[in-house]
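Asks: Sharing a structure here in structure tokens format.
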Amino acid sequence: AKVMYINLERSKDSLKRRLGCVNTALGLDPGSPLLMYNSRGRSLASVLPVARRTVEKMGVELVILDSISRAGVGDLNENQPTNDTMDQLNEMCPSWVGIGHTGHSDKTRMFGSQFWMAGADVGVKLQAEQRENELGVRLEVTKGNDFSPPAPMVLRYIFDEFGLSRVEPAK
């Protein structure tokens, strides 16, 4: 599927470097492109008109939003701003991934309104542990509306002096 990554958090150079590392780890040419809309410091609401046109023009089937905390529709602890953000994403593209973060005081759940998980079709919890130049990442499907959640997946991320160099199943 054609994917568009909406970056509201990081610098364009940071994402370009990260994409090159991910491409390398996947065995692709480091310069393989990904449709990316870089608008660090802006809100989803402010980029929505251009993002919608891009989805339509380019035939995008999946939007990744980094991150939902930058939606810019109000207090994300309240239910209505959360619903408004999900409505905007649903109107923009058939499928979307919203990257959320845990709060500082409670690492067991995503920051903000409970409606983030209530409105999600699929919820995935990520846990990580770092050792030297490796990172273990456990992905656990915590919610699946139309399927039985699979067993958790654990991946081993290996880094070199340039960044991520390989991803493989953890042992």
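Asks: Would you mention how many residues in the stretch 8-46 are open to solvent by less than 40 Å² (accessible area, probe 1.4 Å), closer than 23 Å to ASP75 by Cβ and among the hydroxyl-bearing types (Ser, Thr, Tyr)?
Replies: 2
Asks: Continuing with this model, one more query. For the structure I just gave you, tell me whether VAL73 is closer than 26 Å to ASN23 by Cβ and hydrophobic (A, V, I, L, M, F, W, C). Before you say what the answer is, go through the steps one by one.
Replies: Working: closer than 26 Å to ASN23 by Cβ: no; hydrophobic (A, V, I, L, M, F, W, C): yes.
For VAL73, the condition - closer than 26 Å to ASN23 by Cβ and hydrophobic (A, V, I, L, M, F, W, C) - is not met.
Asks: Pairs under 7 Å by beta carbon, first residue part of a helix (DSSP H, G or I) in the stretch 2-25, partner among the charged types (D, E, K, R), six or more apart or different chains?
Replies: So the pair list comes out as ASN23/ASP29; ALA25/ARG166.
Asks: Looking only at the stretch 100-142, how many residues end up being modelled with pLDDT under 90 and β-branched (Val, Ile, Thr)?
Replies: Number satisfying all stated conditions: 2.
Asks: Across the stretch 47-70, which residue is least open to solvent (accessible area, probe 1.4 Å) among those that are among the polar types (S, T, N, Q) and either at pLDDT 85 or above or part of a loop (DSSP other than H, G, I, E, B) (or both)? Outline the logic, then answer.
Replies: So the first thing to find is which residues in the stretch 47-70 are among the polar types (S, T, N, Q), and the list is 54, 67, 69.
From the residues that got through so far, the ones that are either at pLDDT 85 or above or part of a loop (DSSP other than H, G, I, E, B) (or both) too are 54, 67.
Working: THR54: 34, SER67: 0 Å².
Once the filter is applied, the top-ranked residue is SER67.
Asks: Restricting to the stretch 95-138, name every residue that is among the hydrophobic types (A, V, I, L, M, F, W, C), touching a Gly at 6+ places or on another chain (Cβ under 7 Å) and within 22 Å of VAL167 (Cα to Cα).
Replies: Kept after step one, since they are among the hydrophobic types (A, V, I, L, M, F, W, C), are these residues of the stretch 95-138: 96-97, 99, 110-111, 115-118, 120, 122, 124, 126, 128, 135, 137.
Still in the running and touching a Gly at 6+ places or on another chain (Cβ under 7 Å): 110-111, 116-117, 122, 128.
Of everything in the stretch 95-138, just one residue is among the hydrophobic types (A, V, I, L, M, F, W, C), touching a Gly at 6+ places or on another chain (Cβ under 7 Å) and within 22 Å of VAL167 (Cα to Cα), namely ALA128.
Asks: Something else now. Among what's in the stretch 71-89 and is assigned to a helix (DSSP H, G or I) and aliphatic (A, V, I, L, M), pick the residue that is modelled with the highest pLDDT. Quick ask: steps written out before the conclusion?
Replies: Step one: of the stretch 71-89, the residues assigned to a helix (DSSP H, G or I) are 79-89.
Within this subset, residues satisfying the condition of being aliphatic (A, V, I, L, M) are 86, 89.
Numbers: MET86: 90, LEU89: 93.
Of everything passing the filter in the stretch 71-89, LEU89 is modelled with the highest pLDDT.
Asks: Cβ-Cβ distance below 7 Å, separation of 6 or more or different chains: which pairs start in the stretch 139-163 with a residue that is under 19 Å from ILE99 (Cβ atoms) and open to solvent by 80 Å² or more (accessible area, probe 1.4 Å) and end on one that is modelled with pLDDT of 90 or more and not acidic (Asp, Glu)?
Replies: Correct list of pairs: MET153/LEU139.
Asks: Kindly state which strands (runs of 3 or more DSSP E) lie completely within the stretch 90-171 and contain at least 1 residues that are charged (D, E, K, R). Spell out how you get there, then give the answer.
Replies: Details: elements: 95-99, 122-131, 134-144, 153-160, 163-169.
Ranges flagged: 122-131, 134-144, 153-160, 163-169.
The values are calculated or read from the model by the stated rules, or taken from the named source; none is laboratory data. Note that this is a predicted model, so its numbers are computed, not measured. When we count neighbours, we look across all protein chains shown, and the Cβ atoms used for this are built from the backbone with ideal geometry, even at glycine. For accessibility, only protein heavy atoms count, side chains too; no ligands or nucleic acids. Shrake-Rupley method; radii C 1.70, N 1.55, O 1.52, S 1.80 Å.
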